[in-house]
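Visitor: Submitted below is the structure of interest, expressed as structure tokens.
The values are calculated or read from the model by the stated rules, or taken from the named source; none is laboratory data. Bear in mind the structure is a predicted one, so any value in this text is a computation, not a measurement. Glycine also receives a Cβ, built like all others from the backbone with ideal geometry; neighbour counts cover every protein chain displayed. When the accessible area is computed, the model is the full protein with side chains, heavy atoms only, and any ligands, DNA or RNA have been set aside. Shrake-Rupley method; radii C 1.70, N 1.55, O 1.52, S 1.80 Å.
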Amino acid sequence: MSELRVFIADDEQPARERLKELLADIAGELPTRVVGEAQDGLEVVARLPESGAQVLLLDIQMPGMGGLEVARHLAQLPEGPAVVFVTAHDRHAIEAFELNALDYLLKPLRAARLAAALRKALASGPPQRERLERAAPAAREYFSVAERNRIALVPVREVIFFKAELKYVTLRTREREHLIEESLVALEREFAGRFVRAHRNCLVARSAIRGFERAPGNEDEPRWQVVLEGVAERIPVSRRQWPVMKEFAK
């Protein structure tokens with residue numbers, strides 16, 4: 001039997017060592033090879049794509065980025081790993097995992113349960129993005145863009161607007177644009193406190209609104225466009241959204 005490639009992510013070194021001991025204990029029935037380790041969520045996203053890992057053992061409580069958000073970003077990979085979440089007795093997390101059919105292990109870990117979880121995860125494959133989204137307790141702090149065999153992260157706080165174009169959404173920061181495969185409706189729902197709809201195809205960051213200008217055109221029926229900090233582009237405001245948007249001018 002070929003070795004199963006495993007990546008271990010936990011912020012506590014004793015916990016990572018314990019996992020490696022358990023993997024050694026089950027080597028006779030399930031040979032494994034640890035191809036990488038990480039102690040925070042951002043490190044997982046940076047290091048895992050090039051590791052070739054088939055299964056990720058992922059602590060749910062990670063500094064920098066929580067385990068569920070890490071898994072959502074890794075789901076962007078064309079050949080991402082299966083994921084087994086590792087958690088203490090967190091009732092809310094366990095309910096979310098069971099409701100969305102996500103694989104998990106409870107601490108303290110045991111060798112037999114670990115072996116069973118690895119087999120199950122390998123058979124089921126990478127978790128579905130929709131299930132991870134439903135299980136997530138809070139909005140993400142980053143957006144992810146898959147680039148070759150790596151994942152580029154864009155902090156949510158740096159996004160100035162989203163614009164829907166055909167099947168993609170353009171994400172705009174001060175520096176550049178990125179294409180993401182997400183819907184405006186889902187983005188509006190997840191980030192309702194940070195972004196507001198300017199028109200049917202565009203969400204703008206509330207914190208980036210600096211004012212409004214009259215759009216060129218019919219003076220008898222003025223239309224407005226929003227001025228955003230950090231970009232020269234003006235975003236049209238629809239008649240329907242103007243009553244909402246004009247509140248930001250006060």
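Visitor: Tell me the GluC sites (Glu not before Pro) within the stretch 1-84 that lie in a loop according to DSSP and have at most 13 other beta-carbon atoms within 10 Å.
Guide: Taking the stretch 1-84 and a limit of 13 other Cβ atoms within 10 Å, the loop GluC sites (Glu not before Pro) found are GLU3, GLU12, GLU29, GLU79.
Visitor: Can you report the principal axis dimensions of the chain using only the alpha carbons, biggest first, rounded to whole angstrom?
Guide: Taking the Cα atoms of the chain, the three principal extents are 81, 36, 29 Å.
Visitor: Further, regarding this structure: Measuring with a 1.4 Å probe in the full set of protein chains, what accessible area per residue, in whole Å², belongs to the stretch 1-79?
Guide: I get 44 Å² per residue for this part.
Visitor: What net charge do the residues around GLU3 carry, taking every other residue with its C-beta under 13 Å from that of GLU3, with Lys and Arg at +1 and Asp and Glu at -1?
Guide: Around GLU3, the surrounding residues sum to +1.
Visitor: Suppose each label sits 7 Å from its Cα in the direction of the beta carbon; what would the GLN61-LYS20 distance come out to in nanometres?
Guide: Computed distance between label sites GLN61 and LYS20 equals 2.4 nm.
Visitor: What Kirkwood radius, in Å to one decimal, follows from the Cα pairs of the stretch 1-136?
Guide: Evaluated on the stretch 1-136, it is 14.5 Å.
Visitor: Whole-Hz ³J(HN,Hα) for each residue in the stretch 136-151, computed from phi via Karplus 6.51 cos²θ - 1.76 cosθ + 1.60 with θ = phi - 60°, x for glycine and proline: what do you get?
Guide: 5, x, 8, 5, 5, 9, 9, 9, 10, 10, 6, 10, 6, 9, 9, 10
Visitor: May I ask you to compute the full-extension gain from ALA249 to ARG110, defined as 0.36 nm times their residue separation minus their alpha-carbon distance, rounded to one decimal in nm?
Guide: Value of the extension gain: 44.2 nm.
Visitor: Can you send over the carbon and sulfur percentage of the accessible area for the stretch 11-169, probe radius 1.4 Å, protein chains only?
Guide: Taking all protein chains in place, the stretch 11-169 shows 49 percent carbon and sulfur surface.
Visitor: Next question, about the same structure. For the stretch 117-250, with the dipole built from +1 on Lys and Arg beta-carbon atoms and -1 on Asp and Glu ones, taken about the Cα centre, which of PRO137, PRO236, PHE161 lies farthest toward the positive end?
Guide: Checking the options against the dipole of the stretch 117-250, the answer is PRO137.
Visitor: Round to a whole angstrom and tell me the spacing of the C-alpha centers of the stretch 186-250 and the stretch 147-164.
Guide: 21 Å
Visitor: Full extension from ARG176 to GLU147: what is 0.36 nm times the residue separation minus their Cα-Cα distance, to one decimal in nm?
Guide: 9.0 nm
Visitor: If you don't mind, another one. If each residue of separation counts as 0.36 nm, what is the full-extension length gain between ALA192 and GLU133 once their alpha-carbon separation is subtracted?
Guide: Taking 0.36 nm per residue and subtracting the Cα distance, the gain is 19.7 nm.
Visitor: If you restrict to DSSP beta bridges whose two residues both lie in the chain, what percentage is antiparallel, to the nearest 5?
Guide: Antiparallel bridges: around 60 percent, rounded to the nearest 5.
Visitor: Now, a different point. Which shape class applies to the stretch 63-134: rounded if a/c is under 1.5, otherwise prolate when a/b exceeds b/c and oblate if not, where a ≥ b ≥ c are the square roots of the Cα gyration tensor eigenvalues?
Guide: Judged from the Cα gyration tensor, the stretch 63-134 comes out oblate (a/c at least 1.5, b/c at or above a/b).
Visitor: What residue among LEU74, LEU132, LEU22 shows peak mean-square fluctuation when the chain is described by a Gaussian network model with Cα springs under 10 Å?
Guide: Looking only at LEU74, LEU132, LEU22, the biggest GNM fluctuation is shown by LEU22.
Visitor: Let me ask something else. Does the stretch 1-56 classify as rounded, prolate or oblate by the C-alpha gyration tensor (a ≥ b ≥ c root eigenvalues; a/c under 1.5 gives rounded; else a/b over b/c gives prolate, otherwise oblate)?
Guide: Because a/c hits 1.5 or more and a/b fails to exceed b/c, the stretch 1-56 counts as oblate.
Visitor: When ligands, DNA and RNA are left out and all protein chains stay put, how many square angstrom of accessible area per residue does the stretch 152-250 have with a 1.4 Å probe?
Guide: 60 Å²
Visitor: Okay, next question. Taking a quarter of the surface of the convex hull around the Cα atoms of the stretch 42-88, what do you get in nm²?
Guide: 2.9 nm²
Visitor: If you don't mind, there's one more thing I want to ask. Helix-only estimate, please: 222 nm mean residue ellipticity of the chain, summing -39500 (n - 2.57) across DSSP H runs of length 4 or more and dividing by its residues, to the nearest 500.
Guide: -7500 deg cm²/dmol
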